[in-house]
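Here the structure is laid out as structure tokens; the discussion comes afterwards.
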Amino acid sequence: MTVGAARIVFHLSCISLITCSLAHAQCPVNSIVIKGRVEHAPRNASVRVLLLYPPDPHKKHPPGTDMEKNDQSGESAEAVLDGEAFTIPVEFLTNDRRTVMNFNSACNRKPRTVVVTLKQNDGPSGGDQEQDRVSLDFPHDFKSDDSHHYTLRSDLVLNGQQP
């Protein structure tokens, strides 16, 4: 290999390494913490937190399905109640999976809605029965000190009594 060819290979290797490192730049992982309590908690109760994201405007959906209007399910967490109080953290990736033209990841993915559900587990044959559900607006119903960790503005109260 000539010196000129070796130089070209070296420069291409450097460019390749730089491009790979830019393409794989890490976006932060943010978190949402839901704190609250359950009034009239049923036996074998659990609380589930589900993050819902706006639909991706660039994703193609079959015509006539209205899927482009529906929020997309994202990360979730669930905790079995031990007493009436609960604290449930949910981490979410901020990478929106689309790459900007300069190969930097866009780190602006955030949920639109946080759904908190109280369920009663009726055992192996009965399945889960929903007792209460609350939809929270993100980021309006939350506060943050550092724009990476969000908590509810006030504790959430779920009700386990059937209407």
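Brief remarks on what is shown
- If the segment from His148 to Glu39 were pulled out straight at 0.36 nm per residue, it would be longer than the present Cα-Cα gap by 36.2 nm.
- Over all other residues within a Cβ to Cβ distance under 14 Å of Asn121, the charged ones net out to -2, with Lys and Arg as +1 and Asp and Glu as -1.
- Full extension of the chain between Gln129 and Asp82 gives 15.1 nm of extra length, using 0.36 nm per residue less the Cα-Cα distance.
- Between Thr94 and Gln161, residue separation times 0.36 nm minus the direct Cα-Cα distance comes to 20.5 nm.
- FRET efficiency for the Cys107 to Gln72 pair, using the beta carbon distance and R₀ = 22 Å, is estimated at 0.75.
Where a number appears in this text, it was derived from the coordinates with a stated rule and is not lab data. Please read all numbers here as calculations on a predicted model, not as lab measurements. Ideal geometry is used to build each Cβ from the backbone, glycine not excepted, and the neighbour counts take in all protein chains shown.
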